1. Ranking 85, 139 by Cβ neighbours within 10 Å, fewest first, what do you get?
2. Would you order 152, 95, 105 from fewest to most other beta-carbon atoms within 10 Å of each residue's own beta-carbon?
3. Sorted from largest down, give the three principal axis spans of the alpha carbons of the range 79-166, whole angstrom values.
C-alpha cells in the first residue's frame, strides 16, 4: 500500500473513531463507560420548623358520593407489526437493500434483501444488524469496525431510507 494511502486511511480511521466516540458517548452499549455527574448532598437545616399551635378543624358535613358510575378503563390495542423495504443502495462493492420490521416504535427485525459485497465485506452485515437493533436508529457507533467503511455507509443509508417510511 502506498504511503499516501496509509496516511489517508489513518486520518479517516481516526476521524471515524472520534466521531463514533462522540456519537456513542451516550449510548448504552456493553463495554462503554459513560461518566455520570456526582451529586453533592445539600446540608439539612439545623433550626427546627415551628409546629402549628392550633389544630385544623375537621369538616362537619360529609361529602356527597358521586351518582354517575366512573368510566371503565379502555384497553389499548396491541401494537401492530409493520415492515418497510428500503430502495436499493448501489455502492462501490455491491448493492444493499433491506427490510425493517417494527412493532410499535421498536425495531424487531432487519432482513437483508440484497447484501452484495465483494472480498468478504458482506461479513460485516450481521454485525451491523445487531448494532442497529441495539441503537434502534439508523445512526450508531461503528468505531470498532474496520475495512467495511463503504458497506457500513451503504447499510446505514438503506436503513435510514426504510425507517423514513414509518
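None of the figures in this text is laboratory data; all of them are computed from the coordinates on show. Every value quoted in this text rests on a predicted model; they were computed, and no experiment measured them. Heads up, the Cβs are rebuilt from the backbone with ideal geometry, glycines too, and the neighbour counts pull from every protein chain shown.
1. Details: 85 15, 139 12.
The order, fewest Cβ neighbours first, is 139, 85.
2. Details: 152 21, 95 15, 105 8.
Result, fewest neighbours first: 105, 95, 152.
3. Dimensions of the range 79-166 along the principal axes of its Cα atoms: 41, 25, 16 Å.
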